[in-house]
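Trainee: Sending over a structure as structure tokens; questions will come in a sec.
The values are calculated or read from the model by the stated rules, or taken from the named source; none is laboratory data. Worth saying up front: this structure is predicted, and the values here are computed from it rather than measured. Quick reminder, even Gly has a Cβ in these numbers, built from the backbone with ideal geometry, and neighbours come from all protein chains shown. The area values use the complete protein model at the heavy-atom level, side chains included, leaving out ligands, DNA and RNA. Shrake-Rupley method; radii C 1.70, N 1.55, O 1.52, S 1.80 Å.
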Amino acid sequence: MKLVSVVGARPQFVKLAPIHKAAVAAGIEHVIVHTGQHYDPMLSDVFFADLGIDDPDVHLGVGSGSHGVQTGAMLAALDAVFDEHRPDWVLVYGDTNSTLAAALSAVKLHVPVAHLEAGLRSFNRRMPEELNRVMTDHAADLLLAPTLVAVDHLTAEGLADRTVMVGDVMTDVLFEVRDRNAGAVSSLLGELGLEAGGYYLATIHRAENTDDPVRLAEVVEGLSGLDRPVVLLAHPRLIARAAAHGIVLTSGSLVAHAPLSYPELIAAAMSSAGIVTDSGGLQKEAFLLRVSCTTVRRETEWVETVQLGWNVLADSAEEIAAAVARPRPARTDAAPYGDGNAAGRVIAELLGSADRSVAR
Ligand code: UD1
């Protein structure tokens with residue numbers, strides 16, 4: 001079987017790692033296509049190096065642009081790639097512009113498309129990610145859902161017959177890196193003179209928090225007023241928007257820092273007193289590591305983290321301060337994100353489906 005994975009943005013490289021490992025173990029021909037949506041080394045190259053992913057076979061070098069320009073450039077380039085490789089499956093990941101472009105190009109060429117992390121919904125149609133995931137789910141042939149909640153969403157949209165629950169591949173990679181990291185101390189402690197448990201770790205990059213100056217100022221005010229140092233791992237989008245709006249990212253408790261590699265991020269999260277983020281992945285990683293999380297959004301796709309008490313949504317500066325100061329959540333053994341073996345199930349499903357289509 002020939003599988004083409006299309007990735008382009010940081011969280012997709014993390015999800016690609018366990019899939020690539022499982023594909024190699026199964027003897028599948030796995031072609032990796034990087035759209036170039038993320039091109040800074042700390043958002044791209046380090047993930048391939050640290051997580052043992054082979055270099056991309058194809059690099060489209062698309063780069064930044066408005067949604068239409070970026071998605072359109074990917075679409076134009078991907079047609080030729082899929083035509084050349086004619087894979088049994090194209091696998092698309094998550095909810096970025098790279099996901100939508102690859103799904104659209106492949107489905108129109110009648111190449112079967114599988115969507116990893118299908119069925120997540122925020123029900124906020126102003127988020128580009130929500131539009132990307134809804135359109136990708138409705139275009140794809142096979143919907144690989146990470147959770148029961150995701151399966152329910154797909155069922156409600158009439159997509160049950162294309163849906164398979166496989167678990168969450170981010171659990172696979174997180175458990176592996178956590179165990180490999182065991183005992184390692186975050187390099188942030190020495191570098192910034194911090195103590196374990198003496199700081200919060202923060203990331204902010206969503207368009208709805210960064211692009212409006214009033215909104216970004218409110219988020220920065222909330223973070224800078226917290227009662228311990230806040231290490232803000234600044235995404236290029238945040239740096240660019242803060243500079244454009246004249247907002248300082250080093251006020252009060254804030255300590256701005258470059259993004260971290262995946263193993264460094266996990267080590268920094270494990271040593272922190274809590275996480276404040278608008279990232280989807282980090283909310284879940286916090287839960288899996290049992291670190292308290294405050295999510296700077298009005299809704300989340302990962303509702304289980306909130307229901308289990310490990311994540312609190314906070315919008316205003318006051319809400320952020322109150323959520324961060326809350327007592328440590330109650331212990332839980334719940335495992336809504338699977339057992340760390342999702343990637344093997346994804347590959348088995350693709351192989352099984354590929355065999356079924358041959359038999360037809
Ligand atoms: C994208 C995804 C988002 C995901 C995030 C992870 C979409 C619509 N959004 O958001 O869902 O959570 O990746 O990080 O696909 N930039 C750089 N260097 C880079 C990449 C981006 O400087 O390597 C800057 C550019 O100024 C660019 C801006 O960041 O305009 C936004 O980048 P883009 O890839 O469009 O979206 P993200 O905000 O990274």
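Trainee: Quick one: how many residues across segment 4-48 are assigned to a helix (DSSP H, G or I) and within 16 Å of the ligand (Cβ to nearest atom)? Step through it out loud before you land on a result.
Mentor: Looking only at segment 4-48, we keep the residues that are assigned to a helix (DSSP H, G or I), and these are 10-25, 41-43, 45-48.
Cutting the leftovers down to within 16 Å of the ligand (Cβ to nearest atom) gives us 10-17, 41-43, 45-48.
Count: 15.
Trainee: Can you say whether Leu159 is touching a Ser or Thr at 6+ places or on another chain (Cβ under 7 Å) and assigned by TED's automatic domain parsing to the domain that holds Ala343, as far as the supplied structure shows? Can you show your working first?
Mentor: Numbers: touching a Ser or Thr at 6+ places or on another chain (Cβ under 7 Å): no; assigned by TED's automatic domain parsing to the domain that holds Ala343: yes.
Answer is no for this residue.
Trainee: State whether the residues of segment 129-152 include one that is buried (at least 22 other Cβ atoms within 10 Å of the Cβ), out of contact with any helix residue (DSSP H, G or I) (no Cβ under 8 Å at 6 or more places or on another chain) and under 29 Å from Gly68 (Cβ atoms).
Mentor: yes
Trainee: Tally time: how many residues in segment 302-328 are open to solvent by 20 Å² or more (accessible area, probe 1.4 Å) and in a loop (DSSP other than H, G, I, E, B)?
Mentor: Here is the first cut: in segment 302-328, the residues open to solvent by 20 Å² or more (accessible area, probe 1.4 Å) are 303, 306-309, 312-313, 315-316, 318-319, 321-322, 324-328.
From the residues that got through so far, the ones that are in a loop (DSSP other than H, G, I, E, B) too are 308-309, 315-316, 325-328.
Residues meeting the conditions: 8.
Trainee: For segment 112-128, give me each residue that is open to solvent by less than 40 Å² (accessible area, probe 1.4 Å) and without any contact (Cβ under 8 Å) to a residue 40 or more places away in the chain.
Mentor: If the condition is that a residue be open to solvent by less than 40 Å² (accessible area, probe 1.4 Å) and without any contact (Cβ under 8 Å) to a residue 40 or more places away in the chain, then Val113, His115 are the ones that fit.
Trainee: Related question: Name the helices (runs of 4 or more DSSP H) wholly inside segment 180-292 in which the number of residues that are of a type in the set (A, V, I, L, M, F, W, C) and within 16 Å of the ligand (Cβ to nearest atom) is 3 or more.
Mentor: 236-245
Trainee: Taking Val177 as the residue in question, decide whether it is in contact with a Leu (Cβ under 9 Å, 6 or more places away or on another chain), under 26 Å from Arg290 (Cα atoms) and more than 16 Å from the ligand (Cβ to nearest atom).
Mentor: yes
Trainee: Here is a follow-up. Give the residue that is farthest from Glu130 (Cα to Cα), with candidates limited to residues of segment 194-244 that are free of Cβ contacts under 8 Å to residues at least 40 places away in the same chain and hydroxyl-bearing (Ser, Thr, Tyr).
Mentor: Once the filter is applied, the top-ranked residue is Ser224.
Trainee: Does segment 121-134 contain at least one residue that is more than 14 Å from the ligand (Cβ to nearest atom), under 19 Å from the mean Cα position of the chain (by Cα) and either under 19 Å from His20 (Cα atoms) or in the same structural domain as Asp278 (by TED's automatic domain parsing) (or both)?
Mentor: Scanning segment 121-134, I find no residue that is more than 14 Å from the ligand (Cβ to nearest atom), under 19 Å from the mean Cα position of the chain (by Cα) and either under 19 Å from His20 (Cα atoms) or in the same structural domain as Asp278 (by TED's automatic domain parsing) (or both), so the answer is no.
Trainee: Taking Ala335, is it under 23 Å from Leu91 (Cβ atoms) and at pLDDT 95 or above?
Mentor: When the stated conditions are applied, Ala335 does not pass them.
Trainee: Return the residues of segment 82-107 that are part of a helix (DSSP H, G or I), away from the ligand (no atom under 15 Å from the Cβ) and open to solvent by 10 Å² or more (accessible area, probe 1.4 Å); say none if nothing qualifies.
Mentor: Asp83, Glu84, His85, Val107
Trainee: The conditions are (1) modelled with pLDDT of 95 or more; (2) surrounded by fewer than 16 Cβ atoms within 10 Å (Cβ to Cβ), and Ala359 fails exactly one of them. Which is it?
Mentor: Just one mismatch for Ala359, condition (1).
Trainee: Now for a separate question. Looking only at segment 23-70, how many residues end up being open to solvent by less than 20 Å² (accessible area, probe 1.4 Å) and among the β-branched types (Val, Ile, Thr)?
Mentor: Residues meeting the conditions: 6.
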